[in-house]
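First the structure, in the form of structure tokens, and then the observations on it.
Nothing in this text is a laboratory measurement; each read-out follows from the coordinates by a stated rule. Note that the structure is a prediction, hence the values are computed from the model and not measured. Every residue, glycine among them, receives a Cβ derived from its backbone with ideal geometry; neighbour counts consider all protein chains shown.
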């Protein structure tokens, strides 16, 4: 199979409001956080939505203890990159299911926050390493795409109208960070360390991963350096753009 060339087009930055939707606390910190730090530094507004609290993420701790802990770690992490609003939807960690309820709840968030663009993480079957991507990531990613369109149709989930959420049909694209099929890139050279600092805010979570918790920093940096070399900068983050209400020339 012929390899695709690395992305040469930058992620468009002529927007003001973004909504970042992922399955768990810490998902955004594995590649997207540096780009978010760049964009909030430009004066853009970014809001986080976590579909779960990540309560099943630490094997040796009870979920009732882990959920609040990971929520606070995510709030701390978001502040590092200039994000002051983090919402949690309370879906069960590890067994999130794709379906109308999830699409409805994400549509509600989109109508509420009115983003120009949506940010999420890899929804494909595998990671770059070839390892299986977990189901929560895959189903949330698929629901994000559909909700971006659902949010603009008043006859889909009409109960949202009764709640006071008018249709929002202005989402231009979804940017999928960490995708195995990247189409664009973000120069994050000046913000790479800020992204790593935000990941370090997940202190208890990383400590409980043992050796695995120490390895992301080197791996992520090596990948960002490689992407930067291909993109013509020191560090870059790749993203796959899925168009919703925009066509690029």
Inter-probe distance in nm under a simple model that places probes 7 Å from Cα toward Cβ, at residue 161 and residue 146: 2.1
FRET efficiency, residue 131 to residue 17 (Cβ-Cβ, R0 25 Å, nearest 0.05): 0.15
Contact order normalised by residue count of region 1-148, Cα under 8 Å, 6+ apart, percent: 28
Spin-label proximity, residue 100 to region 123-146 - amide N less than 18 Å from point 7 Å beyond Cα toward beta carbon: 143-144, 146
Beta bridges by DSSP in region 14-243, antiparallel share as percent, to the nearest 5: 35
Nearest-0.05 FRET efficiency for residue 190 and residue 114, computed from C-beta distance (R0 35 Å): 0.75
Length-normalised contact order for the chain - Cα pairs under 8 Å, 6+ apart - percent: 27
Region 126-161-region 6-42 distance, computed between alpha-carbon centres (Å): 17
At R0 = 35 Å, FRET efficiency that the Cβ-Cβ distance of residue 217 and residue 8 yields, to 0.05: 0.80
